[in-house]
Amino acid sequence: MILDQGGKLLTFRRSRLANTIGVSSLAFTADGQLILVAQAKDNVGSPGLIAPSGSGALEPRDVPQDGTGLTLGDIVRRGAERELREECHISEQDIEVSAIVGHGRWVSRGAMPEFCVVTLLHLTSDEVLDRAVRLVERPYVTEVLAVDLAPITRWNPKKPLAMLPEEIRGSASWPLALGLACLAQSIVDQSWPLGQELMQRLPAQRQRRPVREGA
(Lines give C-alpha, C1' and ligand atoms only; values in the text may rest on other atoms or scores of the structure.)
Protein backbone atom coordinates (compact mmCIF):
# COMPACT_ATOMS: atom_id res chain seq x y z
CA MET A 1 0.00 0.00 0.00
CA ILE A 2 3.05 2.28 0.20
CA LEU A 3 5.25 1.26 -2.74
CA ASP A 4 4.50 0.46 -6.38
CA GLN A 5 5.79 -2.62 -8.20
CA GLY A 6 9.02 -0.79 -8.96
CA GLY A 7 9.67 -0.07 -5.27
CA LYS A 8 8.87 3.64 -5.53
CA LEU A 9 6.51 5.56 -3.26
CA LEU A 10 2.97 5.71 -4.57
CA THR A 11 1.74 9.18 -5.43
CA PHE A 12 -0.97 10.67 -3.23
CA ARG A 13 -3.42 10.34 -6.14
CA ARG A 14 -2.86 6.57 -6.36
CA SER A 15 -2.58 5.83 -2.64
CA ARG A 16 -5.45 4.06 -0.84
CA LEU A 17 -4.16 5.06 2.60
CA ALA A 18 -5.92 7.56 4.88
CA ASN A 19 -5.61 11.09 3.55
CA THR A 20 -3.85 12.53 6.60
CA ILE A 21 -1.45 15.47 6.49
CA GLY A 22 1.00 15.81 9.38
CA VAL A 23 2.06 19.21 10.70
CA SER A 24 4.84 20.02 13.17
CA SER A 25 6.14 23.27 14.63
CA LEU A 26 9.53 24.28 15.98
CA ALA A 27 8.75 27.21 18.28
CA PHE A 28 11.50 29.58 19.43
CA THR A 29 11.02 31.77 22.47
CA ALA A 30 11.91 35.45 22.80
CA ASP A 31 15.14 34.43 24.59
CA GLY A 32 16.17 32.07 21.79
CA GLN A 33 15.32 28.65 23.17
CA LEU A 34 13.59 25.87 21.26
CA ILE A 35 10.47 24.43 22.89
CA LEU A 36 10.11 20.64 22.68
CA VAL A 37 7.50 18.19 23.93
CA ALA A 38 8.08 14.79 25.57
CA GLN A 39 5.42 12.44 24.21
CA ALA A 40 3.59 9.97 26.44
CA LYS A 41 4.24 6.26 25.83
CA ASP A 42 0.66 5.75 24.61
CA ASN A 43 1.00 8.43 21.95
CA VAL A 44 0.37 7.05 18.46
CA GLY A 45 2.87 9.17 16.53
CA SER A 46 6.10 9.16 18.55
CA PRO A 47 5.47 7.23 21.78
CA GLY A 48 7.98 8.02 24.53
CA LEU A 49 10.07 10.26 22.26
CA ILE A 50 10.93 13.97 22.12
CA ALA A 51 8.74 15.70 19.54
CA PRO A 52 8.62 19.22 18.07
CA SER A 53 6.92 22.03 19.98
CA GLY A 54 3.62 20.97 18.46
CA SER A 55 2.93 17.98 16.25
CA GLY A 56 -0.12 16.22 14.90
CA ALA A 57 -2.29 16.30 11.81
CA LEU A 58 -4.51 18.77 10.02
CA GLU A 59 -8.15 18.76 11.08
CA PRO A 60 -11.31 20.09 9.36
CA ARG A 61 -11.39 23.02 11.81
CA ASP A 62 -8.09 24.24 10.36
CA VAL A 63 -10.06 25.29 7.28
CA PRO A 64 -12.64 27.94 8.25
CA GLN A 65 -16.06 27.84 6.56
CA ASP A 66 -15.23 31.02 4.71
CA GLY A 67 -11.80 29.86 3.65
CA THR A 68 -11.86 31.57 0.28
CA GLY A 69 -8.39 32.64 -0.76
CA LEU A 70 -6.53 30.40 1.71
CA THR A 71 -3.59 28.50 0.24
CA LEU A 72 -2.36 25.09 1.35
CA GLY A 73 0.46 26.93 3.13
CA ASP A 74 -2.04 29.05 5.07
CA ILE A 75 -3.90 25.92 6.19
CA VAL A 76 -0.68 24.14 7.18
CA ARG A 77 0.39 27.12 9.31
CA ARG A 78 -3.04 27.27 10.95
CA GLY A 79 -2.87 23.56 11.81
CA ALA A 80 0.70 23.71 13.08
CA GLU A 81 -0.08 26.71 15.30
CA ARG A 82 -3.19 24.96 16.65
CA GLU A 83 -1.15 21.90 17.63
CA LEU A 84 1.43 24.19 19.24
CA ARG A 85 -1.21 26.06 21.23
CA GLU A 86 -2.80 22.83 22.43
CA GLU A 87 0.37 21.01 23.47
CA CYS A 88 2.21 23.97 25.02
CA HIS A 89 -0.85 25.70 26.53
CA ILE A 90 -0.32 29.03 24.80
CA SER A 91 -2.68 31.45 23.04
CA GLU A 92 -2.88 32.98 19.58
CA GLN A 93 -1.59 36.26 21.04
CA ASP A 94 1.59 34.48 22.20
CA ILE A 95 2.52 33.66 18.59
CA GLU A 96 4.44 36.27 16.61
CA VAL A 97 4.82 34.64 13.19
CA SER A 98 5.15 31.23 11.52
CA ALA A 99 6.68 30.04 8.26
CA ILE A 100 6.87 26.67 6.51
CA VAL A 101 10.45 25.42 6.14
CA GLY A 102 9.93 22.07 4.42
CA HIS A 103 8.06 18.83 4.08
CA GLY A 104 8.69 15.12 3.72
CA ARG A 105 6.91 11.76 3.82
CA TRP A 106 6.86 9.63 6.96
CA VAL A 107 7.38 6.20 5.40
CA SER A 108 6.86 4.15 8.58
CA ARG A 109 3.41 5.76 8.89
CA GLY A 110 2.20 4.93 5.41
CA ALA A 111 4.33 7.62 3.72
CA MET A 112 2.16 10.30 5.34
CA PRO A 113 3.05 13.82 4.19
CA GLU A 114 4.59 15.89 6.99
CA PHE A 115 5.03 19.67 6.90
CA CYS A 116 7.53 21.52 9.11
CA VAL A 117 6.84 25.02 10.41
CA VAL A 118 9.06 27.39 12.40
CA THR A 119 7.26 29.70 14.82
CA LEU A 120 8.55 32.70 16.77
CA LEU A 121 6.91 33.38 20.12
CA HIS A 122 6.47 36.57 22.10
CA LEU A 123 6.98 34.51 25.29
CA THR A 124 10.25 33.76 27.07
CA SER A 125 11.16 30.17 27.85
CA ASP A 126 10.34 30.69 31.54
CA GLU A 127 6.87 31.94 30.61
CA VAL A 128 6.24 28.84 28.49
CA LEU A 129 7.53 26.43 31.13
CA ASP A 130 5.46 28.05 33.87
CA ARG A 131 2.27 26.87 32.15
CA ALA A 132 1.03 23.45 33.19
CA VAL A 133 0.14 20.91 30.52
CA ARG A 134 -3.60 21.03 29.97
CA LEU A 135 -5.56 18.13 31.44
CA VAL A 136 -6.88 17.12 28.02
CA GLU A 137 -3.31 16.88 26.66
CA ARG A 138 -1.81 14.83 29.50
CA PRO A 139 -2.50 11.46 27.80
CA TYR A 140 -0.21 12.65 24.99
CA VAL A 141 2.24 15.11 26.58
CA THR A 142 4.30 14.24 29.65
CA GLU A 143 6.34 17.45 29.85
CA VAL A 144 7.48 20.53 27.97
CA LEU A 145 11.19 21.28 27.52
CA ALA A 146 13.19 24.39 26.59
CA VAL A 147 16.62 23.75 25.06
CA ASP A 148 19.51 25.63 23.51
CA LEU A 149 20.52 24.46 20.06
CA ALA A 150 24.14 24.21 18.97
CA PRO A 151 25.66 27.40 17.46
CA ILE A 152 24.36 28.08 13.96
CA THR A 153 27.80 27.46 12.46
CA ARG A 154 27.38 23.79 13.44
CA TRP A 155 23.91 23.31 11.94
CA ASN A 156 24.02 20.59 9.29
CA PRO A 157 20.88 19.29 7.52
CA LYS A 158 22.60 15.93 7.09
CA LYS A 159 23.19 15.66 10.86
CA PRO A 160 20.13 17.34 12.39
CA LEU A 161 20.31 15.55 15.74
CA ALA A 162 23.74 17.10 16.39
CA MET A 163 21.89 20.42 16.72
CA LEU A 164 20.24 19.13 19.93
CA PRO A 165 21.73 18.80 23.42
CA GLU A 166 23.55 15.47 23.59
CA GLU A 167 21.36 14.12 26.40
CA ILE A 168 18.20 14.08 24.26
CA ARG A 169 19.52 13.20 20.81
CA GLY A 170 18.78 9.49 21.24
CA SER A 171 15.14 10.22 22.07
CA ALA A 172 14.38 12.52 19.14
CA SER A 173 11.34 11.67 17.01
CA TRP A 174 11.35 11.57 13.20
CA PRO A 175 9.31 14.80 12.85
CA LEU A 176 11.81 16.58 15.11
CA ALA A 177 14.76 15.36 13.04
CA LEU A 178 12.99 16.38 9.82
CA GLY A 179 12.14 19.81 11.19
CA LEU A 180 15.71 20.45 12.32
CA ALA A 181 17.09 19.36 8.93
CA CYS A 182 14.69 21.74 7.17
CA LEU A 183 15.62 24.53 9.59
CA ALA A 184 19.34 24.01 8.94
CA GLN A 185 18.69 24.33 5.20
CA SER A 186 16.48 27.41 5.58
CA ILE A 187 18.81 29.39 7.85
CA VAL A 188 21.39 29.76 5.05
CA ASP A 189 18.75 30.95 2.58
CA GLN A 190 18.99 34.74 2.46
CA SER A 191 15.42 34.97 1.13
CA TRP A 192 13.89 33.11 4.08
CA PRO A 193 11.71 35.75 5.82
CA LEU A 194 12.34 34.55 9.39
CA GLY A 195 16.09 34.03 9.01
CA GLN A 196 17.35 37.38 10.27
CA GLU A 197 14.97 37.60 13.20
CA LEU A 198 15.71 34.05 14.33
CA MET A 199 19.46 34.64 14.11
CA GLN A 200 19.07 37.70 16.33
CA ARG A 201 17.51 35.45 18.96
CA LEU A 202 20.31 32.89 18.71
CA PRO A 203 23.72 34.28 19.72
CA ALA A 204 26.55 32.96 17.59
CA GLN A 205 28.46 31.81 20.67
CA ARG A 206 26.53 30.54 23.66
CA GLN A 207 27.37 28.34 26.60
CA ARG A 208 25.45 25.09 26.86
CA ARG A 209 22.85 25.23 29.61
CA PRO A 210 21.03 22.25 31.09
CA VAL A 211 17.73 21.17 29.58
CA ARG A 212 14.94 22.76 31.62
CA GLU A 213 11.66 21.01 32.21
CA GLY A 214 8.19 22.48 32.50
CA ALA A 215 5.15 21.23 34.36
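Data table
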{"read-out": "Residue 153 among the hydroxyl-bearing types (Ser, Thr, Tyr), farther than 18 Å from residue 189 by Cβ, over 13 Å from the mean Cα position of the chain (by Cα) and surrounded by fewer than 20 Cβ atoms within 10 Å (Cβ to Cβ)", "value": "no"}
{"read-out": "Residue that is nearest to residue 189 (Cα to Cα), among those in segment 81-95 that are among the acidic types (Asp, Glu) and in contact with a Ser or Thr (Cβ under 8 Å, 6 or more places away or on another chain)", "value": "81"}
{"read-out": "Total residues in segment 79-117, condition in contact with a Leu (Cβ under 8 Å, 6 or more places away or on another chain) and not in a strand (DSSP E or B)", "value": "6"}
{"read-out": "Subset of segment 47-90 (residues that are farther than 19 Å from residue 118 by Cβ, within 16 Å of the chain's Cα centre (by Cα) and either of a type in the set (Lys, Arg) or surrounded by 14 or more Cβ atoms within 10 Å (Cβ to Cβ) (or both))", "value": "49, 89"}
{"read-out": "Any pair with Cβ under 8 angstrom, 6 or more apart, that starts in segment 103-121 at a residue that is of a type outside the set (A, V, I, L, M, F, W, C) and ends at one that is modelled with pLDDT under 90 and part of a helix (DSSP H, G or I)", "value": "none"}
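The values are calculated or read from the model by the stated rules, or taken from the named source; none is laboratory data. No experiment lies behind these values; they were computed from the predicted model shown. Don't worry about glycine lacking a Cβ; one is built from the backbone with ideal geometry, like all the others, and counts go over all protein chains shown.
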